[in-house]
1. Within the stretch 35-51, can one find any residue that is over 12 Å from the mean Cα position of the chain (by Cα) and among the small types (G, A, S)?
2. Here are some residues: P31, P41. Which one is modelled with pLDDT under 90 and either out of contact with any His (no Cβ under 7 Å at 6 or more places or on another chain) or closer than 17 Å to I89 by Cα (or both)?
Amino acid sequence: MAFSNDANSRSRLFESLIVNQLGAEFFWRDPRQHEVGMVLPQKEPVPIEVKYGDVGFDGLEAFAAKFKTKKGYIVSYNKEETKKGVRVISAHKALAGRRFA
């Protein structure tokens, strides 16, 4: 797959890098097209989204409502915050710690 230097290509490359490095095997999508890029299979499933640009919470909120999860994460290129019960963590911290629990 060839990548050019546009935002969409950078976003796809970034998501592929994170998914591969974290060893994710599962994703989730509902009929309304809400999506979570990774689901880590633990006692309580851990949904993780990967966002290169703007951070959105719709997919994680839909997943939490369906599966009654209390935790969710967004791996961002460079943002960090906690909002709506979701921890946004920068990629370098996510890859260095690789802990989502």
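The values are calculated or read from the model by the stated rules, or taken from the named source; none is laboratory data. Predicted, not measured: the structure shown is a model, and the values here were computed from it. Ideal geometry is used to build each Cβ from the backbone, glycine not excepted, and the neighbour counts take in all protein chains shown.
1. Within the stretch 35-51, none of the residues are over 12 Å from the mean Cα position of the chain (by Cα) and among the small types (G, A, S).
2. Sole residue among the options that is modelled with pLDDT under 90 and either out of contact with any His (no Cβ under 7 Å at 6 or more places or on another chain) or closer than 17 Å to I89 by Cα (or both): P41.
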